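In what follows, a structure is listed as structure tokens, so that the remarks can point back to it.
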Amino acid sequence: MRLNKTLAEVTDRIVARSAPTRRAYLDRMSAAAGKGPARAHLSCSGQAHAYAAAGADQASLAQASSGHLGIVTAYNDMLSAHQPFESYPTLIRDALRAAGGTAQVAGGVPAMCDGVTQGEAGMELSLFSRDTIAMATGIALSHNVFDAAVYLGVCDKIVPGLVIGAQSFGHLPAVFLPAGPMTSGLANDEKAQIRQKYASGEVDRATLLKAEMAAYHGPGTCTFYGTANSNQMLMEFMGLHLPGSSFVNPGTPLREALTVEGAKRALSLSALGNNYTPVCQILDEKTYANGITGLMATGGSTNLLIHLIAMARAGGIILDWQDFSDLSDVVPLLARVYPNGLADVNHFHAAGGLGFMIKELLNAGFLHADTKTIAGAGLETYAQEPFLSDEGGLTFRPTPKETLNAAIVRPASAPFQATGGLKRLTGSLGTAVIKVSAVDEKHHVIEAPARVFHDQEDAKEAFKAGEFTGDVIVVVRFQGPKANGMPELHSLTPMLGILQGQGHRVALVTDGRMSGASGKVPSAIHVVPEALDGGPIAKIRDGDLIRLDATNGVLEICTPGVLERDSATADLSAYQQGTGREMFGVFRRSVTSADQGATVFGQNEGDDFAKG
């Protein structure tokens, strides 16, 4: 199938825009590859330290007679999504030893749960944890004794951080090993309804807790299509997972077989063999364009409009929000997974899942087919699904030719909508993004007076006091990366949903973020310039008329004279201390704007990564 014209044009301009930084990055990776694995060059003392606890693998490591795999893990047993990783290192070591290789845990990286920290002070560290994870990944691999690496991570900031870190060691092959989603529990829409009833005082806290525990009930990723599961989608579309591996449940024989195969595949791609495929060759401009297509076609998380920019810059590739917007204008929406529909990711996987979508998008010309992947050359390999043969071995078969549930996933010829799930907004209020895949079309255009807050808690108190009695655009500002780390404001969702349900025309405008699970209330988020930088959002007052038009991509201040006002200021001292926040002042002072990835790694188009 001929490549879609817009996809070709967007990719071409990414290539042109990125040429200097990409070339510098690839030159640096080539130099690193030329030096080869360093463990044979370590001093005898250095080698002894490296292998002292390797047990049965000591002799092989000392003789440098086999491939050596580094494991970078985000394991902890508080995150349900990461609890299954506890057993992965032993499984990987045993499998590689049997195959003649070796493996060690290179290091661990932090992994926090946004579900735990929603509405709490810890949420202000969430976005910054991504770059911390990237740096921890670099430290883990800095021993420079590995021929390849596998990365164990799933959730919101963890996968982007691991990808950023992996690209600093881009001369090594990289395979990402997921844990899979928990089995389905209480339906996500039922959980959301109980949250709204609690917010309006209709049910008590015991009822709310019972519902939450029924929804989040076991090991694995949360089953809604938020940032964590959007990450998993990306890893398949970008060729860093094995085909069809993203949404296989934990603790199953198939999950274990995929983990073993992924580890073996990583070593098979090392420079020791004849199929050397470093991650710097996989993560190129076409691969990132494919990732954007996947995000649009699935109605994925708005957080990825920040993370993908930061991830790409780590490899010298410069993306901008216009790339996302242009692809969203042409890529059809093929999936309805909560909050964009009633199904969860287990239902989506059973209906055909990512393999079916990749096949459809390839055939319709919306994906580059000629990318490199860990499964080989060409993305067609990902139009397959894994299964265990009668003998118990892992094998792959073509994905179903037809969708198995047209209410969940559809062919490109009959999409849920002709355009993607995300939209860029511009106008006198600044630049923002909005997730439209879950928003009813009748709410795509909202024009209403503003009610301005500097803190989400103040907005919730105003709601409890009954102050919202008509149409309103709730503005929550001083929530950008420089102000307080750009927390998610997902805890506003129940109150906004109630107002919408009462018949009011309501929207949110903020320089902060919303959870990847948000969607039914139109929300213009990631507003730049942020309030702390004196952006127009800092000039708005209560009662100013604002127009949010997701149909035409407009975010306007309709009241005359607003831009001539002085910018509001805010006392941000409460955001700067407590719950570890005092340690991240250097991040708040150096972070880039949301449209540049909200990263501390360089103010000028990936300079930190591009420099030799």
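The values are calculated or read from the model by the stated rules, or taken from the named source; none is laboratory data. These numbers were taken from a predicted model, which means no experiment stands behind them. Every residue, glycine among them, receives a Cβ derived from its backbone with ideal geometry; neighbour counts consider all protein chains shown. We work out accessible area using only protein heavy atoms, side chains counted, and drop any ligands, DNA or RNA first. Shrake-Rupley method; radii C 1.70, N 1.55, O 1.52, S 1.80 Å.
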Check: Of all the accessible heavy-atom surface of the chain, with the other protein chains kept in place and a 1.4 Å probe, what percent is carbon and sulfur?
Finding: 52 percent
Check: Could you give me the ³J(HN,Hα) list for the stretch 42-55, computed from phi with Karplus coefficients 6.51, -1.76, 1.60 and θ = phi - 60°, whole Hz, x at Gly and Pro?
Finding: 5, 5, 4, 5, x, 5, 4, 4, 5, 10, 4, 9, 7, x
Note to self: Need the list of aspartates and glutamates near LYS35 for cross-linking: C-alpha distance under 17 angstrom, and skip anything on the same chain fewer than eight residues off.
What the structure shows: ASP27, ASP147
Margin query: Defining a contact as two alpha carbons under 8 Å apart and six or more residues distant in sequence, what relative contact order in percent does the chain show?
Written below: 16 percent
Next item on the list: Please work out how much accessible surface THR90 shows to a 1.4 Å probe, ignoring ligands, DNA and RNA, in Å² rounded to 10.
Entry: 70 Å²
Note to self: Given the whole protein assembly as supplied and a 1.4 Å probe, what does the accessible area of ASP77 come to in Å², nearest 10?
What the structure shows: 110 Å²
Check: Can you work out ³J(HN,Hα) from phi for every residue in the stretch 281-288, in order, using Karplus 6.51 cos²θ - 1.76 cosθ + 1.60 and θ = phi - 60°, giving whole Hz and x for Gly and Pro?
Finding: 7, 6, 8, 10, 4, 5, 5, 5
Notebook entry, point to check: On a 0 to 90 degree scale, rounded to 10, what angle separates helix 5-35 from the longest Cα axis of the chain?
Noted result: 40 degrees
Note to self: Can you tell me how the stretch 112-196 classifies by the Cα gyration tensor, rounded, prolate or oblate, using a/c under 1.5 as the rounded cut?
What the structure shows: oblate
Notebook entry, point to check: Per residue, what accessible area does the chain have, given a 1.4 Å probe and all protein chains present, in Å²?
Noted result: 36 Å²
Margin query: Which order do the peptides 196-202, 42-48, 421-427, 107-113 come out in when sorted by mean C-beta neighbours inside 10 angstrom, highest first?
Written below: 421-427, 107-113, 196-202, 42-48
Check: Which number do you get for Rg(Cα) / (2.2 N^0.38 Å) in the stretch 182-264?
Finding: 1.40
Checklist line | Violating pairs (Cα-Cα greater than 19 angstrom) within the set LYS442/LYS464; LYS442/LYS520; LYS423/LYS520; LYS5/LYS286; LYS197/LYS520; LYS191/LYS520 | finding: LYS442/LYS464
Next item on the list: With Kirkwood radius over Cα pairs in Å in mind, check (i) 25.5; (ii) 29.1; (iii) 24.6 and report the label derived from this structure.
Entry: (iii)
Item checked: Projected area averaged over orientations for the stretch 188-341, convex hull of C-alpha atoms, nm² -> 11.7 nm²
Checklist line | Those lysines that a straight Cα-Cα span of less than 16 Å connects to LYS359, excepting residues fewer than 8 apart in one chain | finding: LYS401
Item checked: Interatomic Cα distance distribution for the stretch 380-510, bins of 5 angstrom, percent -> 2, 8, 13, 16, 13, 11, 7, 8, 8, 6, 5, 2, 1, 0
Check: Using modelled backbone amide H atoms (1.01 Å from N, in-plane), which distant-in-sequence or interchain residues come within less than 5 Å of ALA106's amide H?
Finding: ILE71, VAL72
Next item on the list: Compare GLU120, GLU360 by solvent-accessible area with a 1.4 Å probe and give them largest first, with all protein chains kept in place.
Entry: GLU120, GLU360
Next item on the list: Working with all protein chains in place, sort SER270, SER491, SER65 by solvent-accessible area computed with a 1.4 Å probe, largest first.
Entry: SER65, SER491, SER270
Next item on the list: Report the relative contact order of the stretch 1-85, percent, no decimals, based on alpha-carbon pairs under 8 angstrom and at least 6 residues apart.
Entry: 12 percent
Next item on the list: Please report Rg over Rh for the stretch 1-122, where both radii come from the alpha carbon positions and Rh follows the Kirkwood definition.
Entry: 1.13
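Sort the following peptides by mean Cβ neighbour count (other Cβ atoms within 10 Å, averaged over residues), highest first: 293-304, 216-227.
So the order, starting with the most tightly packed, is 293-304, 216-227.
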Checklist line | Length-normalised contact order for the stretch 94-211 - Cα pairs under 8 Å, 6+ apart - percent | finding: 21 percent
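Sum -39500 (n - 2.57) across every DSSP H segment of at least 4 residues in the chain, then divide by the residue count to get the 222 nm mean residue ellipticity, nearest 500.
My calculation for the chain gives -10500 deg cm²/dmol from helical runs alone.
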